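The values are calculated or read from the model by the stated rules, or taken from the named source; none is laboratory data. Keep in mind the model is a prediction, meaning the values are calculated, not measured. Every residue, glycine as well, gets a Cβ built from its backbone with ideal geometry; the counts of neighbours run over all protein chains shown.
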Amino acid sequence: MGNGQMNDIGRLAALVVLTDEETARGIAPHLSEYEVVTGRVGSMELKKVIASVETAAKRGSLIDGDVYRETHALYHAIIEAAEGVTRGKLSVGEIMRTVGLSFSVVRGRPYEDEREGEWLAVCFYGTIGAPIKGKEHETLGLGINHI
């Protein structure tokens, strides 16, 4: 799976959100050193999405809320992942709805060179669509940022 230089932090985030942590670690046991937090959000209102992911990451001790660079890195990974979900249009919260949007946050050192430091990956998976029940479609978004 890995290419020798990077240990697939994004792949683990996607595997976790598409399956569950135990299954993902079974598929990719070489990624066992990463920390993982998961959760769900039922709104595409951007501030609610950000708050849900930040709360889960803080409660799971994945980030230190008192350290600005950690919160800031998470924020950028969330925004990048949300742009993938919404195809680059972050304002859809007022006109669209999501059903069962799940997320994963993964933290670790994806590079062999320790000087590259720690990184965060955020992945969203769920459904999005017009406000007509049963007319939603699947969506997936991934964001990765250095701490």
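Could you list, in sequence order, the residues of the stretch 128-147 that are under 30 Å from E70 (Cα atoms) and not in a strand (DSSP E or B)?
Across the stretch 128-147, the qualifying residue is only I147.
Restricting attention to the stretch 103-138, which residues are β-branched (V, I, T) and crowded, with 18+ Cβ neighbours inside 10 Å?
Selection gives V105, V106, V122, I128.
Among the candidates K58, K47, which residue alone is closer than 17 Å to E118 by Cβ and out of contact with any Ser or Thr (no Cβ under 8 Å at 6 or more places or on another chain)?
Step by step, each of K58, K47 is checked, and only K58 is closer than 17 Å to E118 by Cβ and out of contact with any Ser or Thr (no Cβ under 8 Å at 6 or more places or on another chain).
Going residue by residue through the stretch 35-57, is there one that turns out to be outside any loop (DSSP other than H, G, I, E, B), without any contact (Cβ under 8 Å) to a residue 24 or more places away in the chain and over 24 Å from T139 (Cβ atoms)?
no
Being out of contact with any strand residue (DSSP E or B) (no Cβ under 9 Å at 6 or more places or on another chain), within 27 Å of R87 (Cβ to Cβ) and modelled with pLDDT of 95 or more is the filter here; which residues of the stretch 20-64 pass it?
Scanning the stretch 20-64 gives a single hit, E54.
Say we look at the stretch 67-96 and pick out the residues that are over 13 Å from the mean Cα position of the chain (by Cα) and modelled with pLDDT of 95 or more; which of these is surrounded by the most Cβ atoms within 10 Å (Cβ to Cβ)?
Residue satisfying both the conditions and the ranking: E70.
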